[in-house]
Amino acid sequence: MRVLLLAEFFLSGQTTHVLDLAEQLQHLGHQAHVRFAKVHSSLFSTEYAPHLKAQGVSFSTGFSPGFLSYLVRTWRPDIIHAHSSTQFALANRLAKTFQIPSILTCHGLGFSQSKHVKALQGATHVIAVGPKVAAEISRFCPRLTVIPNGVNTTYYVPPPGSLLRDQVVYIARMDRGKIPALAQLAHILRNCFRRHLIVVADWNPEVPGTIFQSWQADIRPTLQQAGIVAASGRTAREALACGNAVLLIQRGYDGLITPALSGQPDFDFSGNHSRFPFSRLRRDLSRLFSCPPALERLQVWSRRYAVENLSSAQMAQKVLEVYDEAKRLPSKGR
């Protein structure tokens, strides 16, 4: 099967998802071409493009509907799959012109706005990355499937060896709204445990008690050296896969990811629930630091949970099932 993936390139979990999906489709014996309408980071040419070439994934850049029409006409994809809302309408137009299915993935909330509704209604099938996203758009989407984001659990793996890993690292694409929670974490580590917090981000928030490291295209070495990771979204999933204890944090504190928390019906990786006060964060850190065996058991569980629940290979297989269903629909049903 040939799949044309439409997106914009940001330093974001959404972009990483698109790249991972393309690689997994290749591994499953299909062909993927990624078209980035716009590139918003210079790291694309220095880090990401060479990686795509090494993985055998074809790609192109630029916003030219004429070129895309030429690409579809000559490459003849079986599916057009758009991941950026700026590409939704274009995906539908190309699909209608060339009589092939259009798949749209909604990577977050906000798609119930009127500017998105027509595109959602015009798609062959819509994928939502979680139940909250699906609930928001379900009335617009007659064909809707929830497929949570996955991570490459054969790449994101724990480090070899059995040394105790209890370094705390905060990893995020930074924005001002995240700084208060980050500052609380740094304050607790400094005042209660006499530790500095390593912050890996795309810009330095300059929070007292932190050591800043610039964002890295490949975050795996950092995740393997850490032992306790404060993160949300895709980074939290990758941290679990690398066998870390994960503090789910974004604008508030959502808790230490454990079997009990992951079993809650409203559990997700957004970090936006603010389930617990920061006094709970202090207690969770105290528990991890004071009992190394408990920390190691949680790290082992993290890896097992990721393999069983967060594999992007499993995610890609579910996406392929959506593609197959869309292809079986008669043209007028698309």
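The values are calculated or read from the model by the stated rules, or taken from the named source; none is laboratory data. Note that the structure is a prediction, hence the values are computed from the model and not measured. Backbone-built Cβ (ideal geometry, glycine too); neighbour counts: all protein chains shown.
Looking across region 1-59, the residues that are assigned to a strand (DSSP E or B), surrounded by fewer than 21 Cβ atoms within 10 Å (Cβ to Cβ) and of a type outside the set (Lys, Arg) come down to 31, 33, 37, 39, 58, 59.
For region 85-106, the criterion of being closer than 23 Å to residue 31 by Cα, part of a loop (DSSP other than H, G, I, E, B) and either of a type outside the set (A, V, I, L, M, F, W, C) or touching a helix residue (DSSP H, G or I) at 6+ places or on another chain (Cβ under 6 Å) (or both) is met by at least one residue. Taking residues in region 81-97 that are closer than 21 Å to residue 319 by Cβ, and partners anywhere that are charged (D, E, K, R), the pairs with Cβ atoms closer than 6 Å and at least 6 places apart or on different chains are 84/8. Where residues in region 60-73 are surrounded by 14 or more Cβ atoms within 10 Å (Cβ to Cβ) and touching a Lys or Arg at 6+ places or on another chain (Cβ under 8 Å), which of them is farthest from residue 33 (Cα to Cα)? In this case the residue turns out to be 63.
If the condition is being buried (at least 17 other Cβ atoms within 10 Å of the Cβ), over 30 Å from residue 209 (Cβ atoms) and not polar (S, T, N, Q), then region 149-178 contributes 150, 157.
Looking at region 211-290, what strands (runs of 3 or more DSSP E) fall wholly within it and have at least 1 residues that are in the same structural domain as residue 199 (by TED's automatic domain parsing) and of a type in the set (D, E, K, R)? Quick ask: steps written out before the conclusion?
Values: elements: 228-231, 245-249, 253-256.
Here the list reads 253-256.
Inclusion of residue 94 among residues that are of a type outside the set (D, E, K, R), touching a strand residue (DSSP E or B) at 6+ places or on another chain (Cβ under 8 Å) and surrounded by 18 or more Cβ atoms within 10 Å (Cβ to Cβ) is warranted.
Tell me, please, whether a residue that is without any contact (Cβ under 8 Å) to a residue 40 or more places away in the chain, part of a helix (DSSP H, G or I), among the aliphatic types (A, V, I, L, M) and crowded, with 17+ Cβ neighbours inside 10 Å can be found in region 108-129. Yes, region 108-129 contains at least one residue that is without any contact (Cβ under 8 Å) to a residue 40 or more places away in the chain, part of a helix (DSSP H, G or I), among the aliphatic types (A, V, I, L, M) and crowded, with 17+ Cβ neighbours inside 10 Å.
All but one of (1) more than 23 Å from residue 271 (Cα to Cα); (2) modelled with pLDDT of 95 or more hold for residue 142, so report the exception by its number. Condition not satisfied by residue 142: (2).
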